[in-house]
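Notes to accompany the following structure.
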Amino acid sequence: MPGLEDLYREIILDHHRNPRNRGELAPPASHAVGHNPLCGDEIDVYLDVTDGVVSDVKVGGQGCSISQSSASMMSQAVKGKPVDEVRALVRRFKGMMSIPDEDGNPIEPDPSVKLGDLEALQGVVKFPVRIKCATLAWNTLLEALEQR
Amino acid sequence: MTNAQLDVAAIKAQFPLLQRELNGAPLVYLDSANTSQKPQSVIDAMSTFMEQSYAPINRSAYQLASEATDAYEGARTKVQRFINARRDREVVFTKNATESLNLVAHSWGRANLREGDVVVLTQMEHHANIVPWHMLVQEKGIQLRWVPLTADGQLDLTTLPQLLDGAKAFSFTAMSNVLGTITPVQQLCAAAHDAGAIAIVDGCQYVPHNVTDVQAWGADFLAFSSHKMCGPSGVGVLWGRESLLDAMPPFLGGGNMIADVRFDGFTTAELPAKFEAGTPPIIEVVGLGAAIDFLDGIGMASIRAHEAHMAALAIATLTERFGDDIQLHGSTDTEVRGATFSFAFRGIHPHDLSQVLDQRNVCVRAGHHCAKPLMRLMGVNATARASFYLYNDEHDIDVLADALDGATDIFGF
Ligand SMILES: Cc1ncc(COP(=O)(O)O)c(C=O)c1O
């Protein structure tokens, strides 16, 4: 059995205890709600996009340490990034989580996309049930992007 | 309270899976409310049946087929006695309790409910006893009313007569899979009948743990699943009052459920075949029969006494050790609760909690337990849930408590 230290890295616990970018954005910001049907967790993602750049992002809702810290790190990583870079980051992150692409093929890591702190979430792959926790915020982010 | 009721060590020894070690340590299985482990006698009954007697049931003249049919129908008689039904033709085998409840909603509901008709549920139902009725709301425009809960997770019956006024059906759980609350089934059935409604009992969490007597209850339908009572998955039971089942249209159509089929129509078979379309889970039904023999051999009253003891001990141990850091949902009165506990612990999310407990081989469920309306009412997205059965002993409670302490080390609250 993989050890818990692979899962609960210090940086993850830090984001869990002190989540960044918590809150809401008023319309016209886009807003999507993601559900993890297995555990009932919910995440709200609010996005402001100005001139093709994510100018602000806020996260609401409740979840476990993995979904909350993933959401927190996601918010830091996408804030200030152009939308196409955000999409590339989502893809890279999903690849790290062993999520296949639309055609069911593995996603090759794109070396030009830097994961930074998000690499701390790599250990989640060893706990397959928790992958859904880690990807919840990212799927919700994509939905919020679609809404514009 | 002493625990002279059950020889748990001897019982546990009959469950091969519970002998298994994971990562060098024994398993502490505390998820029987989800699904139970299987004793050797059930495993043997199913494999012996496959090795010796397996054949189609009901359709063939050869000796082997009649042996298989006897085994299948013999299990039906065991179920009948186990729940004290009047006749074995009132016992219908389904896939699980979910299908049983859907059968009632679909078949009885479609025949008997019209726009504006009222069905009463409680706020602590499992999705299996909610969604089939929501489907009738969408399809037929029936109305749902909900029996509220008290602060300690029992049914608040003060407004029951008003809620039942004019209702056609009252469908409720005999024991909550989230709170462990045991409801006053007999009283609820009587209240339903006083209002002219039928009483549908979800016995999924009750039948595996208590003496069940549908006649003493005065119930009209009872649904439960084999897999939660030491039997295999893949089979469930719907018991129904004969007159109601007889009057209902069939649920699924196909082989076995017909008396005759012509180019211009069909007539249905007699009970219980009328509701058993297609090849049933023959092997699983035989396994369920063996599970009933196993439980009967121990005695349902003794099992209930053991679980009341375990519930009292779990409450005492966990509150003594953790005080306000643990919040046990539901009643502390073991007269009205079984040994299924949802809890919150030191603000640690249930997913994280169960992950950490898993390091000590303690298996608990984390999630909404298919009762999202109740979760919303409780103001949580999820809880951790520990549930005890006849093979759990006092030591398991201590291991749980030790493992909970371990969770604090990681999350440092
Ligand atoms: C109270 C209750 N009702 C219904 C069900 C559904 O049982 P099954 O999934 O076996 O159909 C369950 C199972 O979790 C339950 O606990």
Two-site label geometry, B:Asp213 and B:Arg346: point separation in nm, points 7 Å out along Cα→Cβ: 4.7
Hey, which lysines would be in cross-link range of A:Lys58, C-alpha to C-alpha under 19 Å, not counting anything within fewer than 8 residues on its own chain? A:Lys79, A:Lys81
Contact surface B-A: accessible area buried, both sides summed, square angstrom, 1.4 angstrom probe: 1700
Leaving ligands and nucleic acids out of the surface, order B:Tyr29, B:Tyr54, B:Tyr389 by accessible area at 1.4 Å, largest first. B:Tyr54, B:Tyr29, B:Tyr389
Residue-span extension gain [B:Glu394 to B:Asp152] - 0.36 nm each, minus C-alpha spacing: 84.7 nm
Could you check what % of the DSSP bridge pairs in the protein assembly as shown are antiparallel, to the nearest 5? 70
Of B:Leu64, B:Ser226, B:Gln52, which is farthest towards the positive pole of chain B's charge dipole, taken about the Cα centre with +1 and -1 on the beta-carbons of Lys, Arg and Asp, Glu respectively? B:Leu64
In straight Cα distance, which aspartates and glutamates are under 16 Å from A:Lys132, not counting same-chain residues fewer than 8 positions off? A:Asp41, A:Glu42, A:Asp44, A:Asp101, A:Glu143, B:Asp352
What are the residues of the range B:330-354 that lose 40 Å² or more of accessible area, with a 1.4 Å probe, going from their chain alone to all protein chains? B:His349, B:His351, B:Asp352
Heavy-atom accessible area of A:Lys58, protein chains in place, probe 1.4 angstrom, given in Å² to nearest 10, is 50
How much of the DSSP bridge set in the range B:43-297 is antiparallel, in percent, rounded to the nearest 5? 50
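At a Förster distance of 45 Å, what's the computed FRET efficiency of A:Asp117 paired with B:Arg321, Cβ-Cβ distance as r, to 0.05?
E between A:Asp117 and B:Arg321, to the nearest 0.05, is 0.80.
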Full extension from A:Asp6 to A:Arg22: what is 0.36 nm times the residue separation minus their Cα-Cα distance, to one decimal in nm? 3.2 nm
Contour excess over end-to-end distance, with Cα ends at B:Asp296 and B:Gln63 and 0.36 nm allotted per residue: 80.9 nm
Using alpha-carbon coordinates, inclination of helix B:63-82 to the longest axis of chain B, degrees: 60
Per the 1/(1 + (r/R0)^6) rule, R0 = 35 Å and r from the Cβ atoms of B:Arg81 and B:Arg114, FRET efficiency to 0.05 is 0.40
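Any idea of the accessible area per residue across the protein assembly as shown, 1.4 Å probe, to the nearest Å²?
That works out to 41 Å² per residue.
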Cα centre as origin, Lys/Arg/Asp/Glu Cβ charges: the protein assembly as shown dipole, Debye: 600
In whole percent, and with a 1.4 Å probe on the protein chains, what portion of the accessible area of the protein assembly as shown is carbon and sulfur? 50
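Rounded, prolate or oblate for the range B:1-144? Axes are the square roots of the Cα gyration tensor eigenvalues, ordered a ≥ b ≥ c, and the cut-off for rounded is a/c under 1.5.
oblate
The values are calculated or read from the model by the stated rules, or taken from the named source; none is laboratory data. Only a predicted model underlies this, so the values are computations on that prediction, with no experimental measurement involved. Heads up, the Cβs are rebuilt from the backbone with ideal geometry, glycines too, and the neighbour counts pull from every protein chain shown. These area figures cover heavy atoms from the full protein model, side chains too; ligands, DNA and RNA do not enter into them. Shrake-Rupley method; radii C 1.70, N 1.55, O 1.52, S 1.80 Å.
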